[in-house]
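The values are calculated or read from the model by the stated rules, or taken from the named source; none is laboratory data. Bear in mind the structure is a predicted one, so any value in this text is a computation, not a measurement. Here Cβ is always computed from backbone atoms with ideal geometry, including for glycine, and neighbour counts include all displayed protein chains. The accessibility values were calculated without ligands, DNA or RNA, using every heavy atom of the protein model including side chains. Shrake-Rupley method; radii C 1.70, N 1.55, O 1.52, S 1.80 Å.
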Amino acid sequence: MYAQAEPVRSPFSGPGSRQTSGHPLQPRPVRQSGSRGRVRHDHDKQREDQDTSSHTYEDAEAVRGHATHTSADCAYPGGVSGRRGVCSFLRARRSCLAAGIAVLLSLAAVGLAPLTFSNIQEISQLSTTVTHDQDNLRQLNATVDALKSDQDNLRQLSATVDALRRDQDALKVDQDNLRQLFAMVDALKSDHQGNLRLLSTTVNALKRDQDGMSTAVNYLKRDLDNERSRTTTLEQRLRGIEKTLRYTIWHGICYKAFNTRKSFSEAAAACRADGGTLAMPRDADTRSFLISLYKSVSDHSFFWIGLHDQREEGRFEWVDRSALGPYSSWDLGQPDNGRSGRLGNEDCVLYSSGPPQQDKWHDYDCPNPFSFICQADPGRAQATSGSLTTTVQRLSDHPQSN
Ligand SMILES: [Ca+2]
Ligand SMILES: [Ca+2]
């Protein structure tokens, strides 16, 4: 039905239609008295629609028939009657067209309502989706931040791995050096074992040599002991010879002047240690000899001789306990026992260089230190100088002889 109406051109489709009719369309008055009036209006309208629908085909045929003349009627002043027919036709069907348009708008509204509701739901769902997507986006941002942190950590881990690789390379180098060191140690051990065996052999040989050398050393020690014994004997003989040579022989007696100062008892002990006694001049010749002997070693003319009265005051005797005898060489006023007679303490005798007469005997205090002269038995020390020289020469030529 509408397909047949398509060729119909709506009088409200544009201003051209208004110009075509040449008369303004007047809307049909409609009574509006609430819902009742509206229902009536709708009933009338439906009836008109039915009338309109019943006449639609006829009208369409009329329109078609007139349409062939519309352009000509409207374009040529000679077609006025056709144009009026079309216009009247349009006026007659105007209400129908309006109703159709309303129906179409209602249908469109009814059709769009579900779409609107659907769109609202879709919008709500879309909002929910957007909210969810925003949450997901925030989570994604957080995840991205975490991934960035992980990436930094990964870089640091990569740097650490690189450092570990370098350390690993260094360890490999150290390991190689250690292997070489172990190889060197093994070689040294092998050499050391070889050297140790050689050294052990050498030590054994040295031990055998040491045993032989010990025997030889024992022989040498024995020979050395023998030599030391012979040397000791020779030294004793030489000391005797030297003592004898230091003494001067006078009338068959050896005399020696000591230029050291000792008390009377110390001087007597020194002479005993030398194998003799303090000198005992028993005559004038011996006295002169002793004075010259002493002056040959010292200008000091005070020296002890072996004469004293220690055992009995006033009774002088020689150190060998022999009596003084007829010879004496007392100085003037001597012995005086310290110029106090028997109350003095001068019991030892010495030669004095003091006045009134020099080189005479004086009794004096025994503890005072003076030089002294010793005498020795020439029989014990090869008394004569000629025999002493012969004895020394014989000992030098034959040191092992006894
Ligand atoms: Ca006296
Ligand atoms: Ca005196």
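Note on segment 192-266 and segment 115-187: Cα centroid distance 97 Å, given to the nearest whole angstrom.
How large is the accessible surface per residue of segment 248-380, computed with a 1.4 Å probe and reported in Å² as a whole number?
Values: 6570 Å² over 133 residues.
The answer is 49 Å² per residue.
Between Met213 and Ala170, the distance separating the two model label sites (each 7 Å from Cα on the Cα→Cβ line) works out to 5.5 nm. Calculated accessible area for segment 114-202 comes out at 87 Å² per residue, all protein chains present (probe 1.4 Å; ligands, DNA, RNA ignored). The gain in end-to-end length when the Leu137 to Asn368 segment is fully stretched comes to 69.8 nm, 0.36 nm per residue minus the alpha carbon separation.
If the chain linking Ala205 and Gln310 were pulled fully straight, counting 0.36 nm for each residue of separation and taking away their Cα-Cα distance, it would gain 30.2 nm.
Placing pseudo-labels 7 Å out from each Cα toward the beta carbon at Asp152 and Thr231 gives an inter-label distance of 9.6 nm.
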